[in-house]
Amino acid sequence: MRRRDLIAGLASVGVVAGGGILVTRGPPTDELVDDAAGDGDRASDGDSTDPAANATADADEDPIELETVEATGSEDGSITVPESGRVTFVDFFATWCAPCKKQMPSLAEAADRVPDEVRFLSVTNELVGRTLSEDELRAWWDDHDGDWLLGVDPTAELNIRYGVSGFPTAVVIDADNRVRWSHEGLASTDELVAQIEAALEGEGGSEDDGNEVETDDTEDGNETGGDDADAGDNASADAEST
């Protein structure tokens, strides 16, 4: 079975977890949506998981082609994600997701603040044309002031590549196709812009909550070396005194 076909056959279920809603093929039950609204409140307090923990993204992998929808700020067509040589920001969302609605104002502000060289994109894996019509998607988009590129990922292939397990999830990919930052749950405008700008400048954030990752062990080594040197000096001084 082809990988794309396998992905397309994923079960249509959803459960609430850590600051968002787990990925689902279609709208969950009313009870789940009510629970999701509560989780959206927790997300706004900074709850997040590590979406990249299950990611299969590799900088050398072929990009994934997505269809784009004709809507405000978006045109009917297709794009590839990521686009080599260009920083890409992806907002993974669903129209039935309560926290996703709360995220839209911050996304709108961020889209206005980042430079045009950034590919700024929102993606839903809902089955547009089956569980959701294009007109319904456009109406939701307009109701929440969407005004940037809008894509659909009906096979959830992009979600899986970038380890998306809940909505909303934000992912920043640098010009070398590497994930610089990923965050599940609500994020502020300033946080979104800061992470995108960091990718533009070639700096890396964490694949969790946006904090910088310390990967340089040199400082620790110097500190350890410094302690050893002090110990050696003390031992020499003791030997001279005797």
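The values are calculated or read from the model by the stated rules, or taken from the named source; none is laboratory data. In this text, all values refer to a predicted model and were calculated from it rather than measured experimentally. All Cβ positions, glycine included, derive from the backbone under ideal geometry; neighbour counts span all protein chains shown. Calculation scope for accessible area: heavy atoms of the full protein, side chains included, ligands and nucleic acids excluded. Shrake-Rupley method; radii C 1.70, N 1.55, O 1.52, S 1.80 Å.
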(message) open to solvent by less than 20 Å² (accessible area, probe 1.4 Å) and hydroxyl-bearing (Ser, Thr, Tyr): is that true of Thr124 in this structure?
(response) yes
(request) Go through region 129-153 and count every residue that is within 19 Å of Glu65 (Cβ to Cβ) and surrounded by fewer than 19 Cβ atoms within 10 Å (Cβ to Cβ). (result) 2
(request) Identify all residues within region 172-198 that are among the small types (Gly, Ala, Ser) and either within 18 Å of Lys102 (Cβ to Cβ) or buried (at least 24 other Cβ atoms within 10 Å of the Cβ) (or both); write none if there are none. (result) Ser182, Gly185, Ala187, Ser188
